[in-house]
Amino acid sequence: MRMRRMRRIRRGRRGALLAVSTAVALTVTMTASTGRLLDDSTTAAGPVAVSRKTTSLAPCMIRGSLGVQMSEGLPTAPGYARSTGTVRALNLMVDFPDAPGEGSAMDRFREFFPQTQDWFRTGSYGKLDYVPEAPVDHWLRMPKPFAAYGIERGAPYDPAYRGLAQDIVAAADSEVDFRRYDLVNILVTPNAGPSALDTVLSVTFAGNHEAPVADGVPLSNTSFVYSRQDDGSGSYAQTGYRVLPHENGHVFGLPDLYTQDGGGAVGHWDIMSEDWGAGNDLLGWHKWKLGWLDDDQVGCAARPGTTEYRLSPLARDDGGSKLVFVPVSGRTGYAVEVRTQEGNDEAVCRAGVLVYKVDADVDTGQGPVSVEDATPESGGCTRRPNVHAELSDAAFQPGEVFRDDSAGVRVTIGGITSDGTYQLYVTRR
């Protein structure tokens, strides 16, 4: 029952942001949990830390067409928050006259920190110094009841979120210097609105330069988090915080990987696909896109013939080679990496080589990434009730081969060295 319930929720999240496009006369990115509003005045985002100087990698820097607003392409489009270096996150805890804060505001803050901070430190190999601050240590009481704002599944930025954002700025202005921060997290009291098991309201508006202005800067990159998200066992204490790194992933320019059918395309291999249940990391492609992997850790298999690669597990902070990309066209290609039960990847139940297709011409929430299943129709190996089980054992093992004959691509998994490095061979026409 839980998997069907979560799928229904995810469809709702996508529908909520589709409504944004009807209300704002700007370029809009619709994702399941992100509305992205851009104009031509935006500046380059932090993900461009990926150097783009290595000419041997140029064929692997796929790009989407102009119609794709939140693309998997490289480099990431302008307007998002920086994803490397020190990033300061402002956290404001909000309640309402008809939904007074449960417990203290700092208790709500501690539901997400330091867990979110640690998650980003581990996943980025220390390249993202995520600094969460809560300069207001009490609930910010909104002037109107929760229902008066019209915050529901499908609510557009205007007027619902604009009105809420304006009231938040007014309530916090005397205590907060908004110029100090790179992004904003609005942590709403969990008793405002429905439970996350019924309807997911959490949403991010990224690159929104039409947002209300505070201290001379617009609240361009803001995540709103509602309710509490449990881990499938009825508890949110251990993994419920992960809704926030998912939402902040949008602030950094990452699209939703789940679709109307849930997490069936990527499963539990990326937090932008499934952010509930047991912990998980980001795909290597996303880590390169965010600037967390250096160019010299990425191999580009663009030439015909067979090339040997040696990859160390993605979760290890060892500076080794982590990702191989095989471009199929200027917009698509296959990514290859090693996933093991380490770091943020606590739920990996079948370690091995993960192969997935990236399509920069497919928009957020439409399936821009699809994992290739080494064991199709196996039913998977996880016992977690709310993880998309079929893809949980998708990784390829030594001696196994992935092939796409139409694209002329073959990936052969060789052996594993004593230090856990995987040997593989990429062949292309």
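Residue-by-condition table, conditions (1) closer than 20 Å to Tyr130 by Cα; (2) at pLDDT below 95; (3) out of contact with any helix residue (DSSP H, G or I) (no Cβ under 9 Å at 6 or more places or on another chain); (4) surrounded by fewer than 24 Cβ atoms within 10 Å (Cβ to Cβ):
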| residue | (1), (2), (3), (4) |
| --- | --- |
| Phe252 | yes, no, no, no |
| Gln260 | no, yes, no, yes |
| Gly263 | no, yes, no, no |
| Ser273 | no, yes, no, no |
| Trp288 | yes, no, no, no |
Only one of these conditions is not met by Glu210: (1) touching a Phe, Trp or Tyr at 6+ places or on another chain (Cβ under 9 Å); (2) at pLDDT 90 or above; (3) open to solvent by 10 Å² or more (accessible area, probe 1.4 Å). Which number is it? (2)
Being of a type in the set (Lys, Arg) and over 15 Å from Gly240 (Cα atoms) is the filter here; which residues of the stretch 110-127 pass it? Arg121, Lys127
Filter the strands (runs of 3 or more DSSP E) completely within the stretch 32-142 down to those with at least 3 residues that are at pLDDT 95 or above. 85-95, 128-133
Looking only at the stretch 157-172, decide whether some residue is part of a strand (DSSP E or B), open to solvent by less than 50 Å² (accessible area, probe 1.4 Å) and at pLDDT 95 or above. no
Please tell me if Leu282 is out of contact with any Lys or Arg (no Cβ under 7 Å at 6 or more places or on another chain) and either over 19 Å from Ala58 (Cβ atoms) or assigned to a loop (DSSP other than H, G, I, E, B) (or both). yes
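To keep it simple, each residue is scored yes or no on (1) modelled with pLDDT of 95 or more; (2) touching an Asp or Glu at 6+ places or on another chain (Cβ under 9 Å); (3) surrounded by 15 or more Cβ atoms within 10 Å (Cβ to Cβ).
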position	(1), (2), (3)
Val401	yes, no, no
Arg410	yes, yes, yes
Thr417	yes, no, no
Arg428	yes, no, yes
Considering only the stretch 379-389, how many residues are in contact with a Ser or Thr (Cβ under 9 Å, 6 or more places away or on another chain) and either at pLDDT 95 or above or open to solvent by 50 Å² or more (accessible area, probe 1.4 Å) (or both)? 3
Anything in the stretch 285-318 that is assigned to a loop (DSSP other than H, G, I, E, B), touching a residue at least 24 places away in the same chain (Cβ under 8 Å) and under 22 Å from Glu346 (Cα atoms)? List them, or say none. Leu290, Trp292, Leu293, Ser312, Pro313, Leu314, Ala315, Arg316, Asp317
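The values are calculated or read from the model by the stated rules, or taken from the named source; none is laboratory data. Keep in mind that what you see is a predicted model, and the values were worked out from it rather than measured. Heads up, the Cβs are rebuilt from the backbone with ideal geometry, glycines too, and the neighbour counts pull from every protein chain shown. What goes into the accessible areas is simple: the full protein's heavy atoms, side chains included, and nothing from ligands, DNA or RNA. Shrake-Rupley method; radii C 1.70, N 1.55, O 1.52, S 1.80 Å.
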